[in-house]
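To start, the structure itself, in structure tokens.
The values are calculated or read from the model by the stated rules, or taken from the named source; none is laboratory data. Nothing here was measured: the structure is a model prediction, and the numbers come from that model. A quick note on method: Cβ atoms are made from the backbone with ideal geometry, for glycine too, and the neighbour counts reach across all protein chains shown. Quick note on the areas: whole protein, heavy atoms, side chains included, nothing else; ligands and nucleic acids left out. Shrake-Rupley method; radii C 1.70, N 1.55, O 1.52, S 1.80 Å.
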Amino acid sequence: MDALIVDTDTLRAIGIRNLLEEQHALSAQIVTNPATVDGVDDSTIFFVTAEAFASQPYYYVPRRERVVLIGEMAAAPLPVLSPRQTEESLLETLDSILTRLGGHGKAAPNAPLSERERSVLRLIAMGRINKEIASELGISFNTVLTHRRNIMEKLGLRSVPALSMYAVMNGLVSQNEI
């Protein structure tokens with residue numbers, strides 16, 4: 001299987017499946033219950049709704065690099081396929097996502113975070129404020145602000161919840177630590 005579409009909206013899922021099969025020659029399967037997903041290999045690309053994604057840690061680590069969210073999300077830490085796009089825009093977005101994922105290969109890495117940026121991001125996700133982060137890491141307040149700005153720029157995220165979600169999905173913190 002090349003793609004797995006996890007969506008309770010059958011009509012939308014069929015549309016995505018048809019696009020994948022006709023435009024990209026990918027074999028796609030539709031699943032309406034996220035808890036029933038099994039038997040997939042490491043090359044599978046997952047198209048999931050935000051609800052399905054949030055309900056199943058199955059999509060976090062290590063599969064997060066192969067997940068595409070379905071829906072309307074302004075600041076998502078993963079690629080988003082919006083069903084409200086025009087046909088031309090939808091096809092361009094899908095082409096871009098599949099190119100980035102390499103079709104069947106491994107996902108292209110995001111701009112890598114330095115070890116210090118990963119430490120700062122982990123503490124942000126755990127709810128620490130800038131002053132606490134500076135104290136805990138033994139760096140200045142201004143350095144924390146610089147790291148924070150760099151992290152947001154590299155990841156293309158603009159909010160603490162989005163950074164926290166990214167940190168969980170990338171294994172920097174567990175859901176229990178947030």
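Observations
- The residue of the stretch 123-178 that is nearest to Q56 (Cα to Cα), among those that are polar (S, T, N, Q) and at pLDDT below 85, is Q175.
- The set of residues in the stretch 60-102 being open to solvent by less than 50 Å² (accessible area, probe 1.4 Å), over 23 Å from A167 (Cβ atoms), small (G, A, S) and at pLDDT 70 or above consists of S82, S89.
- Unmet criterion (only one of (1) under 19 Å from E65 (Cα atoms); (2) not in a helix (DSSP H, G or I)) for S164: (2)
- Inclusion of V6 among residues that are farther than 17 Å from T99 by Cα and under 18 Å from the mean Cα position of the chain (by Cα) is warranted.
- Residue within the stretch 103-120 that is within 30 Å of T10 (Cβ to Cβ), at pLDDT below 85 and open to solvent by less than 30 Å² (accessible area, probe 1.4 Å) present: yes
- Of the residues making up the stretch 38-59, those that are assigned to a loop (DSSP other than H, G, I, E, B) and either exposed (fewer than 13 other Cβ atoms within 10 Å of the Cβ) or aliphatic (A, V, I, L, M) (or both) are D38, G39, V40, D41, D42.
- Test set (1) at pLDDT 80 or above; (2) among the hydrophobic types (A, V, I, L, M, F, W, C); (3) in a helix (DSSP H, G or I); (4) more than 30 Å from E153 (Cβ to Cβ) - A35 fails condition number: (1)
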